[in-house]
Amino acid sequence: MPTKRAAVPDNVFGQKGTALDKLTGRAPSERETDEEHGNTVLPQSRDTVVPQNRADRETREKLSVYLSTEQVDKLDDLAREYRRRTGKRISRVEVVRRLIDASDLQMVLES
């Protein structure tokens with residue numbers, strides 16, 4: 001004998017929550033919608049890192065770099081040591097940017 005199931009509309013309990021709503025603890029009504037594209041837009045968290053200034057964001061260029069395991073380990077070590085000394089987190093990308101800013105041709109020639 002086939003199993004019978006009740007047909008329950010999606011909106012019977014109001015707006016249906018998504019997995020993201022469950023993870024963030026937000027109610028579906030708290031979401032904003034981008035009317036032009038119909039996409040759901042979630043407000044940014046207060047913990048989000050904001051770029052320093054608009055000019056800095058506009059002058060950046062995307063670059064992909066392949067590093068050896070040892071180089072990645074060293075990058076992570078630098079980030080951990082920075083956090084230990086300052087109490088602030090720093091991303092791998094920010095470490096690379098600061099290393100480039102602090103370097104000169106003499107450093108490249110010596111290595």
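The values are calculated or read from the model by the stated rules, or taken from the named source; none is laboratory data. Values in this document were obtained by computation on a predicted structure and should not be read as measured data. Cβ coordinates were reconstructed from backbone atoms using ideal geometry, including for glycine residues, and neighbour counts include every protein chain displayed.
How many of the residues making up segment 55-74 are part of a helix (DSSP H, G or I), at pLDDT 95 or above and not β-branched (Val, Ile, Thr)?
4
Considering (1) modelled with pLDDT of 90 or more; (2) touching a Pro at 6+ places or on another chain (Cβ under 9 Å), say which one Asp21 fails and leave the rest.
It is condition (1) that Asp21 fails.
Counting only residues that are surrounded by 10 or more Cβ atoms within 10 Å (Cβ to Cβ) and among the small types (Gly, Ala, Ser), which one in segment 73-111 is farthest from Arg60 (Cα to Cα)?
Ala79
Any idea how many residues of segment 70-87 are hydroxyl-bearing (Ser, Thr, Tyr) and more than 14 Å from Leu99 (Cα to Cα)?
1
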